[in-house]
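Since the structure comes first, as structure tokens, the remarks are kept for the end.
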Amino acid sequence: MTNEWLKHLARLYLPVHQYETSTTKIIYAGYSSVKKNYYMRLLLDGRGHHTFLGRRLFWDIPGLIKSYKLDMAVSEISFIALKHFQKYDGFILPEWATTRINIDRPLCEICHRNVSDFSNVTRRIRKYNLTPEILRDKESFNYFNEKIFLPYITKRYGEEALIDDLSKIWESSPPPVLLAIREQGVIVGAALMRKSEESLNFMRLGLLDGNDEYRLHGVIGALYYFGIVEGQKMGCRYFDLGGTRPFLTDGLTKFKMGLGAEFVKELSSRKEYLWLGVNEHSTVTKEFLNNNPFMHLNKNFRLDQHGS
């Protein structure tokens, strides 16, 4: 049995934590500390105290809203139980939603200040003298994996960093390439990318030693900008920026949307999802939903937006 199946089976019996402030009471059901911390910051600003309620079978999770007089509940979902959660008040959220930019148009149109924030990206490119380079040799790949990708992903996600074997991707067909960004001649960021049909896809990216200073210098934005340039050279219609959180108020989501990215609406039932359960009588819940627009799964496995 694969690790993926074991993970889905584990989500049929979930640890449940309750978080409470003077005005709000919510639960998180699941194993991921990264997801739990993210949603606790989103829903409670990281405030309040929490209590471990034990483990519950997935079909008991929706009923906790009424029995514990909750405002909201967030639960990790196995695709085996997806239809069960769709029957209850709330929303099915993708853990990550894919975003892309239509690049089948002039670069000046994509980067126009009236439609995107790429003018800020190009300003930093000039300020820090950021230059692109396409690399295809194994030595450059090893440098990317050891000095750029692994430190970046580890610092960003900690113990839950997805450390997969990039050598299998590098040796697969069609072969990917590296888009590297140099600052003052030194490679400070890079992205592993590959053309797939009509899209150029960013598969992995990172910063030298995981140093966030390079992000502030605009290196991530430069990867996206020069990725579009390369995608146009390859005759691609879309530039795939990868996944982002479904909440439009999320920092990374706002950054990508500011570059003109749009959500890919078609989804698979085998992706990872969360259930955001809501108490429709809670004023706290109504206020949160009104102030935090987000993308959610509809009955046809397409993304719809809730809120303005």
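The values are calculated or read from the model by the stated rules, or taken from the named source; none is laboratory data. Fair warning: this is a prediction, and the values are worked out from it, not measured in the lab. Reconstructed Cβ throughout: ideal geometry from the backbone, glycine too, with neighbour counts over all protein chains shown.
Before moving on, here are some points about what is shown:
- Among (1) within 17 Å of L93 (Cα to Cα); (2) part of a loop (DSSP other than H, G, I, E, B) - the single one G46 does not satisfy: (1)
- Exclusive hit being farther than 15 Å from I125 by Cβ and surrounded by 18 or more Cβ atoms within 10 Å (Cβ to Cβ), set G231, G235: G231
Residues checked against (1) among the polar types (S, T, N, Q); (2) in contact with a helix residue (DSSP H, G or I) (Cβ under 9 Å, 6 or more places away or on another chain); (3) within 30 Å of R215 (Cα to Cα); (4) assigned to a loop (DSSP other than H, G, I, E, B):
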| residue | (1), (2), (3), (4) |
| --- | --- |
| T23 | yes, yes, no, yes |
| L53 | no, yes, no, no |
| K69 | no, no, no, yes |
| Y88 | no, yes, no, yes |
| N114 | yes, no, yes, yes |
| R123 | no, no, yes, no |
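- Residues satisfying the stated conditions in segment 252-291, i.e. of a type in the set (S, T, Y), outside any helix (DSSP H, G or I) and surrounded by 15 or more Cβ atoms within 10 Å (Cβ to Cβ): Y273, S282
- The number of residues in segment 22-44 being farther than 15 Å from F288 by Cα and surrounded by fewer than 19 Cβ atoms within 10 Å (Cβ to Cβ) comes to 8.
- Residues of segment 66-111 that turn out to be more than 15 Å from H296 (Cα to Cα) and of a type in the set (S, T, N, Q), as a count: 3
- Complete set of residues in segment 110-125 that are within 19 Å of E230 (Cβ to Cβ) and either loosely packed, with under 11 Cβ neighbours inside 10 Å or of a type in the set (G, A, S) (or both): S116
- In segment 126-243, counting only strands (runs of 3 or more DSSP E) that sit wholly within it, the ones holding 2 or more residues that are within 21 Å of V264 (Cα to Cα), without any contact (Cβ under 8 Å) to a residue 60 or more places away in the chain and over 18 Å from the mean Cα position of the chain (by Cα) span 186-196.
- Verdict on E272 being touching a residue at least 24 places away in the same chain (Cβ under 8 Å), of a type in the set (D, E) and over 18 Å from M193 (Cβ atoms): yes
- Qualifying residue in segment 72-79 (condition: over 24 Å from the mean Cα position of the chain (by Cα), of a type in the set (F, W, Y) and farther than 16 Å from L276 by Cβ): no
- Residues that are free of Cβ contacts under 8 Å to residues at least 24 places away in the same chain and polar (S, T, N, Q), drawn from segment 23-55: N37
- When G277 is tested against the conditions (1) closer than 22 Å to K35 by Cα; (2) not assigned by TED's automatic domain parsing to the domain that holds R11, the lone failure is (2).
- Close pairs from segment 57-70: first farther than 9 Å from I27 by Cα, partner part of a helix (DSSP H, G or I), Cβ under 6 Å, at least 6 apart: F58/A81
- L259 vs. criteria of a type outside the set (D, E, K, R), modelled with pLDDT of 95 or more and in the same structural domain as V177 (by TED's automatic domain parsing): no
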